[in-house]
1. Give the long-range amide H neighbours of TRP218: residues separated by 5 or more places, or on another chain, with amide H under 5 Å away, using H modelled in the peptide plane at 1.01 Å from N.
2. Along the positive direction of the dipole of the stretch 130-281 (beta-carbon charges: Lys, Arg +1; Asp, Glu -1; about the Cα centre), which of THR222, GLN188, HIS239 reaches farthest?
3. So for each of 35-48, 85-98 I average, over its residues, the number of other beta carbons within 10 Å; can you give me the resulting order with the highest mean first?
4. Expressed in nm to one decimal, what extension gain is obtained for the pair LEU163 and PHE53 from 0.36 nm per residue of sequence separation less their Cα-Cα distance?
5. Pull out the extension gain between ALA263 and ILE195, defined as 0.36 nm times the separation in residues minus the alpha carbon to alpha carbon distance; nm, one decimal.
6. Just to be sure I follow the rule: in the stretch 130-281, considering lysines 8 or more places apart or on different chains, how many pairs have Cα atoms under 21 Å apart?
7. Scan around ALA33 for amide H atoms under 5 Å from its own, H built in the peptide plane at 1.01 Å from N, and keep only partners 5 or more places away or cross-chain.
8. With θ taken as phi - 60° and the coefficients 6.51, -1.76 and 1.60, list the Karplus ³J(HN,Hα) couplings across the stretch 51-58 in order, rounded to whole Hz; mark glycine and proline as x.
Amino acid sequence: MMSLVRAAGLFAGTLLSAVLASGAANAQMGQAADWQINLQDAATPVMERIHGFNDLLLIIITAIVLLVLVLLVVVALRFNERANPVPSKTSHNTLIEVAWTVLPVLILVVIAVPSFRLLHLQLNIPEADLTLKVTGHQWYWSYEYPDNGGFGFDSYMVPTKDLKPGQPRLLAVDNEVVVPVNKNIRVQVTAADVIHSFAVPSFGIKIDALPGRLNETWFRATREGVYYGQCSELCGRDHAFMPIAVRVVSEKDFEAWLAQAKAKFASAPADGRGMLAFAAAQ
Ligand SMILES: [Cu+2]
């Protein structure tokens, strides 16, 4: 009996550590990886906290599942008809009844405290160093930099046949959003037609893009690199083909990009090419 319980515990412990480690082992920065089963790598303080919260919940739920498993096994072995031919007639036990009410309440409190702290971190937008306006369209994103002269551009998925080496299929875009590292970026999100959702897993952000409404979120990327996301609200035929690519660069590289982007996109402003151009690019 005890060896069975110990074996079950050992198995669950191994499984848990495998699950916790797998994300780090397989994850490719900023995008999903083959056989990945944990969350994507964290590139912002918010996502780091989401990782921590997720790990806490995984530990709690594993402990609960093991407890219930042990109780079931004990009941099945010790109180079956053969092992226990004369059953007890007990129908109440005040201590146990209080315990199985109070313990779940305490567990919920343990979960609620970090949960609300995380929500507070996500929803309280700090003093922004840069504002980025994101607009969802059927089926591409457009970006504007209101703090830097208000230039903007459209960002379309690169069709599979045009992919360059290193560009991930269904995620690479023609015009990436570029932001500086270690700066608070305020993201204002809206849509031009139907509801979309702006989501970048490594940043821990996912926010609805609603026509006629401006939603706000923020991120501070702490590592340079390219981070990918996808529209996360069913928005029509090409919902799956409007990826998000954010390139995080040093302050110096960002200034250089700004100068070049201002010149490039001033002559070719966001034009809402829309469906026709996208269909032509396919
Ligand atoms: Cu969409």
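1. Amide H neighbours of TRP218: VAL187.
2. So the residue furthest toward the plus end is THR222.
3. Numbers: 35-48: 18.3, 85-98: 7.3.
Ranking the peptides 35-48, 85-98 by packing returns 35-48, 85-98.
4. Numbers: separation 110, 0.36 × 110 = 39.60 nm, distance 3.67 nm.
Length gained between LEU163 and PHE53: 35.9 nm.
5. 21.3 nm
6. 9
7. Result for ALA33 returns GLN28.
8. 4, x, 5, 4, 5, 4, 5, 5
Quick note: the coordinates plus some simple rules give every number you see, no bench work behind them. Computed from a predicted model, the values in this text were never measured in an experiment. Ideal geometry is used to build each Cβ from the backbone, glycine not excepted, and the neighbour counts take in all protein chains shown.
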